[in-house]
Amino acid sequence: MKETKRRVELFSFYDRTGLEAHLARMAGRGWLLEKIGAFLWTYHKIEPRQLAFSVCYFPRASQFDPEPSQEQQTFYEFCAHTGWTLAASSAQLQVFYNERPDPIPIDTDPAVEVEAIHRAMKRGVLPSQALLLGVAVLNGALFVTRLLGDPIGVLASAANLFTGLCWVLIIALLGVEWAGYFSWRRKAVRAAQRGEFCQTRSRRKLQIASLVLLTIGLAYYILSVLSSGSRMMVTLMVLMFCVYIPAVFLLVFNIRGLLKRLKAPAGVNRAVSIAASLILSLAILMGITFGTFYAYGRGWLSRDADAAWLPLAVDELTGAERQDYIRASLTDQSLLLARFTAQQHPRRGTERYTQLPSLEYTVTLVKAPFLYDLCKSSLLHDRAERWNRDMPEGGWYFYGPADPAPWGAAEAYQWTSRTSGPWNTYLLCYPDRFVEIEFDLKWTPTPAQMALAGERLGRDAV
């Protein structure tokens with residue numbers, strides 16, 4: 001029979017009454033709390049029985065303390081004298097249980113209890129939550145800025161959408177948590193003045209819903225990367241999830257645990273743990289990044305260029321030899337958009353290298369129809385903004401109207417300069433996609449080449 005159970009407990013730090021009721025139910029089912037972990041709480045098997053639980057807060061305790069202080073030991077002895085046994089503790093949080101049917105409460109003064117909870121929150125929880133909330137708001141603002149500047153790049157990336165979802169959930173969770181705590185504190189202070197305890201509560205439904213959304217987002221992100229066909233992206237994802245993140249957590253907790261076993265003072269433990277974790281985690285991240293790009297540069301993580309499938313190739317349009325070209329492609333997609341980019345450039349050292357034309361194109365597939373106008377506006381104006389940023393108005397570039405018939409498109413635009421006239425770069429609009437195609441300057445496409453490009457890219461590219 002299984003003797004231990006580990007659970008993720010979604011309770012607010014200050015939710016004393018919620019925790020006490022939950023632990024009593026677990027004991028009634030035959031599970032007694034044994035250890036409070038950073039993510040998992042551990043229970044051991046007991047005979048099911050009714051136990052009373054008391055959650056207390058010891059503000060001066062710290063997760064870096066090598067052992068309970070003398071003041072804590074005295075407090076534990078006092079609790080034991082009245083029948084309360086310490087089940088588990090984690091920094092300021094202390095959990096006791098009592099087998100007596102009607103035990104004497106540990107905390108009898110509501111004002112003292114409210115103050116102890118607030119001091120414990122100020123010492124450990126509120127500062128870390130404030131830091132995380134600040135980071136989340138900053139990254140959320142950066143996400144919005146990127147979304148406004150490059151909506152297609154953001155919305156077509158499962159990774160961008162996943163990270164954006166993470167920051168939104170963190171902001172929502174911490175915002176609700178802070179609002180809930182300070183609302184409870186105002187009520188608790190007024191109740192304490194009347195000599196009454198104020199019940200606490202957690203936002204478990206919101207936390208569960210957030211975990212479900214996070215799990216779905218993570219699963220979709222992983223599937224998107226695995227189906228992208230990019231060995232480099234798959235390798236980076238595996239290294240981040242299977243090496244970097246576990247290594248960081250192991251470093252943080254093992255360094256702190258080692259220093260505690262060595263009886264290092266709390267201040268020394270805190271400083272060394274933070275410094276060592278930052279330095280080592282940064283070193284691991286740099287090693288992963290350097291190693292991945294080194295392997296990619298050596299061709300270990302890239303596809304065989306000759307085997308890369310492209311919906312439209314230079315050799316089909318011009319009759320050139322396929323082996324004379326370097327072919328590269330990249331696919332990025334989400335539930336909203338998909339973007340396929342391909343580049344074909346003459347291979348250096350081949351015969352007639354300087355005479356061979358190059359070809360680049362990007363196909364944006366609009367999966368969510370309500371984004372069609374947004375994508376069209378972005379494609380029409382973003383390129384012009386980038387090109388004209390530091391250019392006098394007289395030489396500005398823009399997309400001018402072109403004949404869509406040769407391409408079989410609904411609309412067509414040609415990249416044009418006010419001084420040098422039209423270029424061999426086009427933006428083609430189809431019912432469910434956009435095609436940006438850039439021919440070499442020395443290559444003016446014929447109607448037959450336009451028709452083939454429109455047929456292939458307007459239908460089969462993504």
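The values are calculated or read from the model by the stated rules, or taken from the named source; none is laboratory data. From a predicted model like this one, the values you see are computed outputs, not experimental measurements. Every residue, glycine as well, gets a Cβ built from its backbone with ideal geometry; the counts of neighbours run over all protein chains shown. Accessible surface areas use protein heavy atoms only, side chains included; no ligands, DNA or RNA. Shrake-Rupley method; radii C 1.70, N 1.55, O 1.52, S 1.80 Å.
A few notes on this one:
- Taking each residue as 0.36 nm, the span from L213 to T85 lengthens on full extension beyond its C-alpha to C-alpha distance by 42.2 nm.
- Zone residues, segment 57-93, relative to K35, backbone N less than 15 Å from point 7 Å out along Cα-to-Cβ: 87-91
- Inter-site label distance for T354 and R100 at 7 Å from Cα along Cβ, in nm: 9.9 nm
- Inter-probe distance in nm under a simple model that places probes 7 Å from Cα toward Cβ, at L452 and R6: 6.0 nm
- Each residue of segment 121-138 is assigned a 3J(HN,Hα), and the resulting list reads 5, 5, 7, x, 7, 4, x, 5, 5, 5, 5, 5, 5, x, 5, 5, 5, 4 Hz, derived from the Karplus form 6.51 cos²θ - 1.76 cosθ + 1.60 (θ = phi - 60°), x at Gly and Pro.
- S69, S273, ranked by accessible area, largest first (probe 1.4 Å): S69, S273
- Set of aspartates and glutamates near K45 by C-alpha distance (under 19 Å), chain-local residues within fewer than 8 positions excluded: E3, E9, E20, E34, E99
- Residues whose placed amide H lies under 5 Å from that of G30, excluding near-sequence neighbours: R49
- When the solvent-accessible area of the chain is split by element, carbon and sulfur atoms take up 61 percent of it, the probe being 1.4 Å.
- Of K35/K122; K122/K263; K2/K263; K2/K122; K2/K260, those spanning more than 27 Å from alpha-carbon to alpha-carbon: K2/K263; K2/K122; K2/K260
- Karplus (6.51, -1.76, 1.60) ³J(HN,Hα), θ = phi - 60°, over segment 10-23, in Hz, Gly and Pro reported as x: 9, 10, 5, 4, 8, 7, 4, 5, x, 5, 4, 5, 5, 5
- Net charge of the neighbourhood of E360, taken over other residues with C-beta under 10 Å away and scored Lys/Arg +1, Asp/Glu -1, is -3.
- What the phi angles of segment 183-188 give under the Karplus curve with 6.51, -1.76 and 1.60, with θ = phi - 60°, is a coupling list of 5, 5, 4, 4, 5, 5 Hz, glycine and proline written as x.
- Identified option (computed Kirkwood radius over Cα pairs in Å; candidates (i) 23.3; (ii) 27.5; (iii) 24.9): (ii)
- Trypsin sites (Lys or Arg not before Pro) restricted to segment 157-225 and DSSP loop, no more than 12 other C-beta within 10 Å: R194
- MRE, 222 nm, helices only [DSSP H, n ≥ 4, -39500 (n - 2.57), over the chain, to nearest 500]: -15500 deg cm²/dmol
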